[in-house]
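Notes for the one structure printed next.
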Amino acid sequence: MSNPPVWHGTTILSVRKDGKVVVAGDGQVSMGDTVIKNSARKVRQLAGGTVIGGFAGATADAFTLFERLEAKLEQYPNQLLRACVELAKDWRTDRYLRKLEAMMIVADKETTLVLTGTGDVLEPEHGVSGIGSGGNYALSAARALVDMDMEAEAIARKAMGIAADICVYTNTSLTVETLDADG
């Protein structure tokens with residue numbers, strides 16, 4: 001019996017530099033070696049624009065997690081870390097949520113976090129994080145660029161372009177969201 005084709009869904013990258021945080025995501029969704037969609041939107045604003053997030057994994061699962069995170073952010077306003085820890089607890093202990101297959105990067109003006117279904121709430125080092133099919137390629141490129149005289153968004157766009165050149169599951173149709181610590 002052959003295995004069903006594997007869905008490959010995304011590359012998400014976050015870059016924090018000089019008081020700005022950027023979350024960028026590509027638009028490609030693939031099943032096996034077939035591109036299903038080029039323009040999926042996997043990065044969005046949350047909590048009235050005070051948080052930005054991107055997801056990698058099954059779309060329906062990610063939307064469920066975004067909804068749950070929105071509820072936690074309403075319960076714990078302006079407390080991204082606490083809201084994410086509470087979401088991670090639910091994700092690990094709730095029978096339904098435990099089956100969700102997705103990862104998230106979320107950021108507010110002060111903090112960037114990576115959330116996983118294993119209960120991890122990780123704050124990345126060096127102001128850069130990447131998840132998804134091409135996440136390690138984008139992460140490596142951004143880490144190499146972060147010390148250059150470039151703004152956060154330029155680093156994110158360049159790194160995502162490099163990932164798209166290497167990873168067949170990543171394209172250059174980007175969604176980019178930015179938060180500025182000054183306003």
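Being surrounded by fewer than 16 Cβ atoms within 10 Å (Cβ to Cβ), in contact (Cβ under 8 Å) with a residue 40 or more places away in the chain, within 16 Å of the chain's Cα centre (by Cα) and within 24 Å of PRO124 (Cα to Cα) narrows it down to one of ARG41, ARG16, so name that one.
On the way: ARG16 fails: surrounded by fewer than 16 Cβ atoms within 10 Å (Cβ to Cβ).
Selected residue: ARG41, the only one of ARG41, ARG16 that is surrounded by fewer than 16 Cβ atoms within 10 Å (Cβ to Cβ), in contact (Cβ under 8 Å) with a residue 40 or more places away in the chain, within 16 Å of the chain's Cα centre (by Cα) and within 24 Å of PRO124 (Cα to Cα).
With the structure loaded, tell me whether ALA88 is crowded, with 16+ Cβ neighbours inside 10 Å and farther than 15 Å from ILE12 by Cα or whether it fails that test.
On the way: crowded, with 16+ Cβ neighbours inside 10 Å: yes; farther than 15 Å from ILE12 by Cα: yes.
It is true that ALA88 is crowded, with 16+ Cβ neighbours inside 10 Å and farther than 15 Å from ILE12 by Cα.
If you go through the range 164-175 one residue at a time, do you hit one that is among the β-branched types (Val, Ile, Thr) and in contact with a Phe, Trp or Tyr (Cβ under 6 Å, 6 or more places away or on another chain)?
Going residue by residue through the range 164-175, those that are among the β-branched types (Val, Ile, Thr) are 166, 168, 170, 172, 175.
Cutting the leftovers down to in contact with a Phe, Trp or Tyr (Cβ under 6 Å, 6 or more places away or on another chain) gives us 166.
Scanning the range 164-175, I find at least one residue that is among the β-branched types (Val, Ile, Thr) and in contact with a Phe, Trp or Tyr (Cβ under 6 Å, 6 or more places away or on another chain), so the answer is yes.
Checking ILE162 against (1) crowded, with 18+ Cβ neighbours inside 10 Å; (2) touching a Gly at 6+ places or on another chain (Cβ under 6 Å), which single condition isn't satisfied?
With respect to (1) crowded, with 18+ Cβ neighbours inside 10 Å; (2) touching a Gly at 6+ places or on another chain (Cβ under 6 Å), ILE162 is out only on (2).
Given the residues ASN136, ASN78, which is the only one that is within 17 Å of ASP26 (Cβ to Cβ) and either over 14 Å from the mean Cα position of the chain (by Cα) or free of Cβ contacts under 8 Å to residues at least 40 places away in the same chain (or both)?
Numbers: ASN78 fails: within 17 Å of ASP26 (Cβ to Cβ).
None of the other options fit; the residue is ASN136.
Can you tell me which residues in the range 44-65 are over 15 Å from the mean Cα position of the chain (by Cα) and crowded, with 16+ Cβ neighbours inside 10 Å?
ALA47, the sole residue that qualifies.
Values in this text are rule-based calculations from the coordinates and carry no lab data. This is a predicted model, so every value here is computed, not measured. No Cβ is skipped: glycine too gets one built from the backbone with ideal geometry, and neighbour counts run over all protein chains shown.
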